[in-house]
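This report refers to the structure that appears directly beneath it.
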Amino acid sequence: MTSSLETVTAAQITPQTPKWAWAGRVPLGEITIVAGPPGQGKTQLMLGMCAQATRGKLSGDLTGPVDALYVSAEDSIEHTLTPRTIAAQAVLERVHFLRGTNHNIRQCDELAPGIAIPKDVPALDQWLSTHRARIVVLDPIVAMIPTTLNTHRDQDVRQALSPLARVAQKHGAAIVVVMHLNKNIEADALNRLSGSIGFGGAARSVLLFAADPDDPDGEAGNRRILAHVKCNVGAKQPSISYRIEPRTLSTSNGEVHTSIAMRDGNTHASANDLLAKPTSAGEATARTEAREFLEAELADGPVPTIDLKTRAEDAGLNWRTVERAKQQMGIRARKKGAGWVWELLIPNNPPVGLVVVDGLEGKADKADKAAGSNGVADLDPDELFARHRGAAA
């Protein structure tokens, strides 16, 4: 006996506007991937996002403060996760860490994943029904998939992630899965995700967090970039530059050293730029000099390309390095008369109503501004615009 098929026509469907936990980057009711090399600060980035959500400051469609669940298979709750959460100025009562429960989630020691995907998804469903959290982070997801499923096999990956997607949709929650990268340096960003391409296929948004290839300090630097690799429910968003900054907490047990991800502004670097051959300190310095050269030369308007090339050579700059800087800065080349000119594109109006908070953007709040936001950096639009320009440079 064959089963019947039920269909609808497009005319019967009313298009829906997607809802966002983090506007344009992390959709509600969907799975998002945040990937990157180990040790680059993905956990700090995600805890910063959770912290803003607990304060009602995350730019998106969440209304007011919300709870977040962070499940880690790699970091200690006491030594790593909680200090970073405190440094990110989260509402601590709203950030939940998983140690294990009695609802089909295995009892575990501190560093065990505490959850098996897809076996324990019903327990996650039940937990979300009770606590109403709107953000769930699984870090890293591969450590939570049992060895009975092959993470390099597309069907197995979808078997693991499909129940998660249904739970995300049911609760209108953003489920963010953190991943590492494979070693295929020739592949594009989406194909660098560790395991099967099914991970990237199942996620509705994919973000890459990696070292800034133009960091003057090279591989030892603290500059990072968040790039948008894929988005099925909206347009890809501009890349954002960050710094991983140290913080020291005073506790009853003494000083605790930790770190946070602090946002610097937007950048033109793409995901594939981040995965290119690592840049040495010397190369990074040359690119910085090239960007500063272009910013100065184009500050007063378009300049003929042939003149720029001559001036760059006089300044001792390699023209190929200048061309790479041009691409990263979003400089436009256009025909003018018999030749070509380069011009620096600058927004006519600065962004209004935004503040930089704990490395992520949030909506300006007059009450918080008046109260000083408890040490959080609230910037007026002109300051923010200047900071964005500085970061893009």
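What follows draws every value from the coordinates through simple rules; no lab data is involved. From a predicted model like this one, the values you see are computed outputs, not experimental measurements. Here Cβ is always computed from backbone atoms with ideal geometry, including for glycine, and neighbour counts include all displayed protein chains.
With contacts taken as Cα pairs under 8 Å and at least 6 residues apart, region 281-343 reaches a relative contact order of 41 percent.
Over what distance in Å are the Cα centres of region 237-257 and region 280-344 separated? So the two Cα centres are separated by 35 Å. Where a ≥ b ≥ c are the square roots of the eigenvalues of the C-alpha gyration tensor, would you call region 281-343 rounded, which needs a/c under 1.5, or, failing that, prolate if a/b is larger than b/c, or oblate? Verdict is prolate for region 281-343.
Among the GluC sites (Glu not before Pro) within region 1-107, those in coil by DSSP and having at most 16 neighbouring Cβ atoms inside 10 Å are Glu6, Glu74. Can you classify region 17-269 as rounded, prolate or oblate using the Cα gyration tensor, where a ≥ b ≥ c are the square roots of its eigenvalues, rounded means a/c under 1.5, and otherwise it's prolate if a/b beats b/c and oblate if not? Note, shape of region 17-269 comes out rounded. Taking Cβ atoms as reference points and 13 Å as the exclusive limit, the residues near Asn232 contribute a net charge of +3, counting Lys and Arg as +1 and Asp and Glu as -1.
Restriction of the GluC sites (Glu not before Pro) in region 168-263 to DSSP coil positions whose beta-carbon has at most 11 other beta-carbons within 10 angstrom yields Glu186.
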